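Q: Provided herewith is a single structure, encoded as structure tokens, for subsequent inquiry.
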């Protein structure tokens, strides 16, 4: 039996489910240590599956939670930089996502992987 591709709605729900796991991880160091990598992998897969549907990505709420998670992951888990850069590259194409990053006073550009800081900073200035 052939597997069918998930619908756009199913892809969006997967992204939101992963995003909803970020907040508890950010609040509890024990949960962070035990769950940040697996949860990031879930979010990354969902983000990659939605990369060609900017409307669905733009519509996701609680963007600041995602940005805080990605910044912390980048700071604390350098082996994940390559995968993090992939997600950042997708989110950077979205004006609403960039606005959420720029508007959050807790965001620090230099928490992100060094390979993407220059390009990301230029995008923030647009």
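The values are calculated or read from the model by the stated rules, or taken from the named source; none is laboratory data. Just so you know, these numbers come straight off a predicted model, no measurement behind them. FYI the Cβ positions are ideal-geometry reconstructions off the backbone, even for glycines, and counts take in every protein chain you see.
Q: Can you spot a residue in the stretch 90-109 that is modelled with pLDDT under 95, in contact with a helix residue (DSSP H, G or I) (Cβ under 7 Å, 6 or more places away or on another chain) and in a helix (DSSP H, G or I)?
A: Yes, the stretch 90-109 contains at least one residue that is modelled with pLDDT under 95, in contact with a helix residue (DSSP H, G or I) (Cβ under 7 Å, 6 or more places away or on another chain) and in a helix (DSSP H, G or I).
Q: Can you pull out the residues in the stretch 47-87 that are within 19 Å of residue 21 (Cα to Cα), touching a helix residue (DSSP H, G or I) at 6+ places or on another chain (Cβ under 8 Å) and part of a loop (DSSP other than H, G, I, E, B)?
A: 50, 60, 62, 77
Q: Another one. Tally up the residues in the stretch 79-102 that are without any contact (Cβ under 8 Å) to a residue 24 or more places away in the chain and over 15 Å from residue 44 (Cβ atoms), please.
A: The total comes to 2.
Q: Something else about it: Test each condition in (1) farther than 22 Å from residue 116 by Cβ; (2) touching a helix residue (DSSP H, G or I) at 6+ places or on another chain (Cβ under 9 Å); (3) modelled with pLDDT of 95 or more for residue 29 and report the one that comes out false.
A: Going through (1) farther than 22 Å from residue 116 by Cβ; (2) touching a helix residue (DSSP H, G or I) at 6+ places or on another chain (Cβ under 9 Å); (3) modelled with pLDDT of 95 or more one by one, residue 29 breaks only (2).
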